[in-house]
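Trainee: Here it is, the structure, as structure tokens.
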Amino acid sequence: RAGTGRRWTFLRLHNATVVMVAQLARGAPAGLVLDEAQEEEEELHSSPEARVRELEGRIDHATSASALDLVGWRCECLALTQIAWADDLFQLGRASFLLARAYLDAGMPFPAIPHAERAESMLLASAARPEAEALLPKALLALADSLSRAVLAPGRRGRTSQKARGNAAALYKRAADAYHRSLLAMHRVFGRGHVACCPVLRGWARMAVGRSSDFALARRLLARELQIRSAKGVNDPTAAESAALDETRRELASNMLLEAKVASSGRDNSPSSLRAARLRREAIALLAGSEVEAAPAGTMEAARLRLQLAEACIELEAWGQAEAALVSAIGYTEHAFGCCDHRSAALWAELASIRMRQQRHEAAAADYEHVVTVLELLHGPHDERLIAPCEKLCHALVALGRWRDARLALGRAQRLACARYGVDSQSALRIAQVLRSIEQQMPPEDQGDGEEE
């Protein structure tokens, strides 16, 4: 230990000398350089224990430091802890855990794994100490999160070789075991229904869906989290507890909607289709209990969830709820990408379709006109992508009895189809047949209008 301390002192002195010489060479004021050197000398003679406490105080009060700065400080804390408390397994395990968590916060799961593993082993070795027993569940959660994020890392998910699949399967198994050990430790330290268990359940559920599409396991884990949070917020919940409860509802509902989408099949009365309908109904009930329908879609995640809700409501023919979810998602999409965007146009077309099903033809016609205008601005007035919305606009206008406008809209679709696919194409012939049918049903006073088109 004495030799290690001397080496540490020599390296710090060497680094301080190099910095001082470099500052003088750049023309820094000598007085300022000497003051900084004096501060460095005072810091040098401070004990490693005092240096660790100083660094941890800096970390606790750091408001503008980057994640990489925090990682560097935690690395220095670990190095100093190995000098100051070389025989204290709890202090070494604590420093390793904090460094692993810093790596995770910086988005670097792979270097976090060995530090989290060392933290687990050292805390287990010092489990007789109450503080070590209390910290062990968090260290296990850090290990599980590190392994989980390594499993779900984009670079690994795309690999298809047998070796890569085997490594990913091994990581997944290690992560699942770590989540299980962390959950058992949480039960032992905090109790089975404590909210400290919720991050374990959430992380495990996300890994189950992201790695193996195990929706059933994820649904059980998230349902347990919802049960814990609901029991916690039964009497006068705080704003943070209410927000956490709503977030859990949304996560569970999103998982159930994805599971329903996977379970859907072409047969209406098949067991999988019936299960998908049940899952959608349960998800809609969950979302109705949260603030997802009332609050604006302020984030991409919230907008995505509203689109999932709209899709589920469409499958269940709950048109009013589907319309409300789509209107909210459109607001965010236009705010994020602009009104003149193909994503916004697609959502407006879907909204018009829902309003047609509700027999709200005037609103649907206005929506289809908006879609045509946006696509014109994006792709020009002669683009083939205008054919479908012009046809649908014609249907809405026919339902309103606006025959002249309907003929103009369908005539435009026919010209675009002829220009793109040919006069004798199936699409052009079909549109021409519908156009003749409209002309036959038009009132006599409307027959002569629109010939110039």
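Trainee: Over the heavy atoms of Ile438, what accessible area does a 1.4 Å probe trace out, to the nearest 10 Å²?
Mentor: So the heavy atoms of Ile438 present about 10 Å² to solvent.
Trainee: How big is the stretch 339-427 in terms of Cα radius of gyration and Dmax, in angstroms?
Mentor: Taking only Cα atoms of the stretch 339-427, I get Rg and Dmax of 12.7, 36 Å.
Trainee: Round to a whole angstrom and tell me the spacing of the C-alpha centers of the stretch 107-176 and the stretch 234-263.
Mentor: 26
Trainee: Given R₀ = 45 Å, what would the calculated FRET efficiency be for Ser230 paired with Ala419, taking r from the Cβ atoms and rounding to 0.05?
Mentor: Given R0 = 45 Å and the Cβ-Cβ separation, E is 0.15.
Trainee: Ignoring ligands, DNA and RNA, how do Met207, Met300, Met108 rank by accessible area with a 1.4 Å probe, largest first?
Mentor: Met300, Met108, Met207
Trainee: Round to a whole angstrom and tell me the spacing of the C-alpha centers of the stretch 398-443 and the stretch 352-372.
Mentor: Cα centroid of the stretch 398-443 versus Cα centroid of the stretch 352-372: 18 Å apart.
Trainee: Just to check I understand the Karplus step: with θ = phi - 60° and J = 6.51 cos²θ - 1.76 cosθ + 1.60, what whole-Hz values come out for the stretch 216-232, glycine and proline as x?
Mentor: Karplus-based 3J(HN,Hα) across the stretch 216-232 equals 5, 5, 4, 5, 5, 5, 5, 5, 5, 4, 4, 5, 5, 5, 5, 5, 5 Hz.
Trainee: Still on this structure, I have one more. When you count, for each residue, the other Cβ atoms within 10 Å and take the mean per peptide, how do 180-189, 236-245, 57-66 rank with the highest first?
Mentor: Ranked from most to least packed, the peptides come out as 180-189, 236-245, 57-66.
The values are calculated or read from the model by the stated rules, or taken from the named source; none is laboratory data. For clarity, every value in this text was computed on a predicted model and none was experimentally measured. Using ideal geometry, Cβ is built from the backbone for each residue, glycine included, and neighbour counts are taken over all protein chains shown. For the accessible areas, the whole protein counts, side chains as well, though only heavy atoms, and no ligand, DNA or RNA atoms are used. Shrake-Rupley method; radii C 1.70, N 1.55, O 1.52, S 1.80 Å.
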